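**Q** For reference, the structure I am asking about is given below.
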Amino acid sequence: MRINNNNFQKNANTSLVSQLIWKSPGISRVDIARELNLYRSTVTNIISALIDDEVVYEGEEGSGLSRGGRKPIILRLNDKFGCVVGFDIQPSHYRAVIMDITGSLLYQDKGKLPEVDFDGILTFLMDLVLKQVHKLGLPLLAVVAGIPGIVDTESGIIVYAEPFGLHNYDLYDFFAKRYDVLVFVENDANCTAWLEMTINRNVNLGDFMCMIADYHEGSYQFGDRAGIGVGIGLSIGGKVYHGSHHSSGEICTLSWRGHNIGQTGLDEDLLISSVSDEHAWRVWMVDLFSSLVPVISVFDPRVLFIHGKPFSDEQKIRTLLSEACPQFLDLLKKVGCKLIFDTQDESVVAKGAAMMFLQKLFAVPELSEIECRTHFDWEDVIAQAYPMKKTYEKPRMEVSHA
């Protein structure tokens, strides 16, 4: 594939400018040029195009300089530009959110899934959110699905999802044939990493881990077992890490053996009762957290975020760890890793899925990403928001650096 350097640089600069407005609402053109080390004329051209495409709007005037002079015009993202749908799809239930491009929540829902095949589940969920999108009156820019399993995000393929019995399921192709929308799929644990990157976008988190757990009631339809499912998302160097085989979000504990199905080698009855039985719950927790000791010692994260209802009683878990798995807490102190519990929001995976699109929208893509099947640029997003707005080619923006 031949890369057009002019288009790449134009999209890169557009992403940098819009990202800065996303991070610092109310920033001015002058401050953008200074922050990004771009010529003011370059920034002016980019902003003019973004305003013309209704991505950005000019707000009230900012504070003038102490010595007088014109007050700078501040810039904000247009929250009416479009919306993003995020799904958290589990074997027996779903959670769905709709967010605008600033990251504000417009709608959320949760419920049980119908007993249909996976194609039917996706159709059911799209019917549900499209009604809400219509009520909101906003263009639908993208749909992102978070799912437990091994996911090739670059191709939009679910390589393997044991809870659903899926093997090499082409979610990208399913949507391409039925819906006119950008679509992505991601491992559910990785979605929580995208969420934390977005929430903390003005903070230097460094490398961090996210752990998410959810109760599986057991799905007769898919043969999914009852118990607690858990996954881990990693962020390295400001990017979500997927691994050499797209399976970095999956974890097998120290008790797991090659003949075991699932994530642990614990007894099946114990796994089922871990949801309600105190002893089984303690055994499951110790097996999990003791397995994290070598992971944290090697990875050396700055923060470990804990998500999910099974971790909702922070004090109880900390007490258990101090009694039955002290090496975990000792290691956190040794490497200086913070342990942050954020377990009250049940929609973290769905929100993180939507945030994945925003992160990609406002990030400068690497050259290797351009050849990916799911790659998109600003022209694709503008066309998604306003497909009938313009048919002529826009003049190229100036992209020289200071």
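**Q** Consider residue 75 against the criteria (1) without any contact (Cβ under 8 Å) to a residue 12 or more places away in the chain; (2) open to solvent by less than 10 Å² (accessible area, probe 1.4 Å): it satisfies all of them except one. Which criterion is unmet?
**A** (1)
**Q** While we're here: Name the residue that is nearest to residue 101 (Cα to Cα), counting only residues in segment 1-12 that are open to solvent by 10 Å² or more (accessible area, probe 1.4 Å) and touching a residue at least 40 places away in the same chain (Cβ under 8 Å).
**A** 11
**Q** Looking at (1) of a type in the set (A, V, I, L, M); (2) within 25 Å of residue 20 (Cα to Cα); (3) in contact with a Leu (Cβ under 9 Å, 6 or more places away or on another chain), find the lone condition where residue 171 falls short.
**A** Among (1) of a type in the set (A, V, I, L, M); (2) within 25 Å of residue 20 (Cα to Cα); (3) in contact with a Leu (Cβ under 9 Å, 6 or more places away or on another chain), residue 171 violates only (2).
**Q** Continuing with this model, one more query. Any chance segment 263-276 includes a residue that's touching a Phe, Trp or Tyr at 6+ places or on another chain (Cβ under 9 Å) and closer than 18 Å to residue 161 by Cα?
**A** Restricting attention to segment 263-276, the residues satisfying the condition of being touching a Phe, Trp or Tyr at 6+ places or on another chain (Cβ under 9 Å) are 263-266, 270-271, 273-275.
Cutting the leftovers down to closer than 18 Å to residue 161 by Cα gives us 263-264.
Yes, segment 263-276 contains a residue that is touching a Phe, Trp or Tyr at 6+ places or on another chain (Cβ under 9 Å) and closer than 18 Å to residue 161 by Cα.
**Q** Hey, can you tell me all the residues within segment 31-58 that are buried (at least 17 other Cβ atoms within 10 Å of the Cβ) and either of a type in the set (Asp, Glu) or over 27 Å from the mean Cα position of the chain (by Cα) (or both)?
**A** Within segment 31-58, 31, 33, 38, 42, 43, 45, 49, 53 meet the criteria.
**Q** Here's something else I'd like to know. Based on this model, can you work out whether residue 28 counts as touching a Leu at 6+ places or on another chain (Cβ under 8 Å), of a type in the set (S, T, N, Q) and either more than 24 Å from residue 367 (Cβ to Cβ) or crowded, with 16+ Cβ neighbours inside 10 Å (or both)?
**A** yes
**Q** Taking the stated definitions as given, is residue 95 in contact with a Lys or Arg (Cβ under 7 Å, 6 or more places away or on another chain) and at pLDDT 95 or above?
**A** yes
**Q** Then there is this: Taking the condition over 16 Å from the mean Cα position of the chain (by Cα) and not aliphatic (A, V, I, L, M), does residue 204 pass?
**A** It is true that residue 204 is over 16 Å from the mean Cα position of the chain (by Cα) and not aliphatic (A, V, I, L, M).
**Q** Do you know which of the residues in segment 110-121 that are open to solvent by 50 Å² or more (accessible area, probe 1.4 Å) and assigned to a strand (DSSP E or B) is farthest from residue 379 (Cα to Cα)?
**A** 112
**Q** Hey, can you tell me all the residues within segment 60-79 that are of a type in the set (A, V, I, L, M, F, W, C) and modelled with pLDDT of 95 or more?
**A** Selection gives 75, 77.
**Q** Considering only segment 299-342, state which residues are in a loop (DSSP other than H, G, I, E, B) and at negative phi.
**A** Result: 301, 302, 312, 313, 325, 337, 342.
**Q** If I ask for residues that are within 27 Å of the chain's Cα centre (by Cα) and open to solvent by 20 Å² or more (accessible area, probe 1.4 Å), which ones from segment 325-342 would you list?
**A** If the condition is that a residue be within 27 Å of the chain's Cα centre (by Cα) and open to solvent by 20 Å² or more (accessible area, probe 1.4 Å), then 335, 336, 338, 339, 340, 341, 342 are the ones that fit.
**Q** Still on this model: Do you know which of the residues in segment 13-23 that are crowded, with 16+ Cβ neighbours inside 10 Å and in contact (Cβ under 8 Å) with a residue 60 or more places away in the chain is nearest to residue 369 (Cα to Cα)?
**A** Filtering segment 13-23 for residues that are crowded, with 16+ Cβ neighbours inside 10 Å and in contact (Cβ under 8 Å) with a residue 60 or more places away in the chain, the one nearest to residue 369 (Cα to Cα) comes out as 15.
**Q** Given 166, 130, 205, which one is aliphatic (A, V, I, L, M) and open to solvent by 60 Å² or more (accessible area, probe 1.4 Å)?
**A** 130 is the lone residue from the list that is aliphatic (A, V, I, L, M) and open to solvent by 60 Å² or more (accessible area, probe 1.4 Å).
**Q** Filter segment 364-397 for residues that are crowded, with 16+ Cβ neighbours inside 10 Å and either in contact with a Cys (Cβ under 6 Å, 6 or more places away or on another chain) or closer than 22 Å to residue 33 by Cβ (or both); which is modelled with the lowest pLDDT?
**A** Once the filter is applied, the top-ranked residue is 397.
Results for (1) within 22 Å of residue 192 (Cα to Cα); (2) at pLDDT below 95; (3) among the β-branched types (Val, Ile, Thr); (4) touching a strand residue (DSSP E or B) at 6+ places or on another chain (Cβ under 9 Å), shown as yes or no for each residue.
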| residue | (1), (2), (3), (4) |
| --- | --- |
| 274 | no, yes, no, yes |
| 291 | yes, no, no, no |
| 314 | yes, no, no, yes |
| 323 | no, no, no, no |
| 327 | no, no, no, no |
| 330 | no, no, no, no |
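**Q** Quick one: in segment 208-228, which of the residues that are open to solvent by 20 Å² or more (accessible area, probe 1.4 Å) and small (Gly, Ala, Ser) is modelled with the highest pLDDT?
**A** Once the filter is applied, the top-ranked residue is 226.
**Q** When you go through 82, 86, 137, 146 one by one, which is the residue that is small (Gly, Ala, Ser), modelled with pLDDT of 95 or more and open to solvent by 20 Å² or more (accessible area, probe 1.4 Å)?
**A** 137
**Q** Is it true that residue 107 is open to solvent by less than 50 Å² (accessible area, probe 1.4 Å), out of contact with any Phe, Trp or Tyr (no Cβ under 9 Å at 6 or more places or on another chain) and either modelled with pLDDT under 95 or more than 15 Å from residue 56 (Cβ to Cβ) (or both)?
**A** yes
**Q** Would segment 294-313 turn up any residue that is small (Gly, Ala, Ser), out of contact with any helix residue (DSSP H, G or I) (no Cβ under 7 Å at 6 or more places or on another chain) and either farther than 17 Å from residue 233 by Cβ or open to solvent by 40 Å² or more (accessible area, probe 1.4 Å) (or both)?
**A** Looking for residues that are small (Gly, Ala, Ser), out of contact with any helix residue (DSSP H, G or I) (no Cβ under 7 Å at 6 or more places or on another chain) and either farther than 17 Å from residue 233 by Cβ or open to solvent by 40 Å² or more (accessible area, probe 1.4 Å) (or both), one finds at least one in segment 294-313, hence yes.
The values are calculated or read from the model by the stated rules, or taken from the named source; none is laboratory data. What you see is a predicted model, and the numbers here were worked out from it, not measured in a lab. Please note: Cβ atoms are built from the backbone with ideal geometry, for glycine as well, and neighbour counts cover all protein chains shown. To get the accessible areas, we keep the full protein, side chains included, count just its heavy atoms, and leave off ligands, DNA and RNA. Shrake-Rupley method; radii C 1.70, N 1.55, O 1.52, S 1.80 Å.
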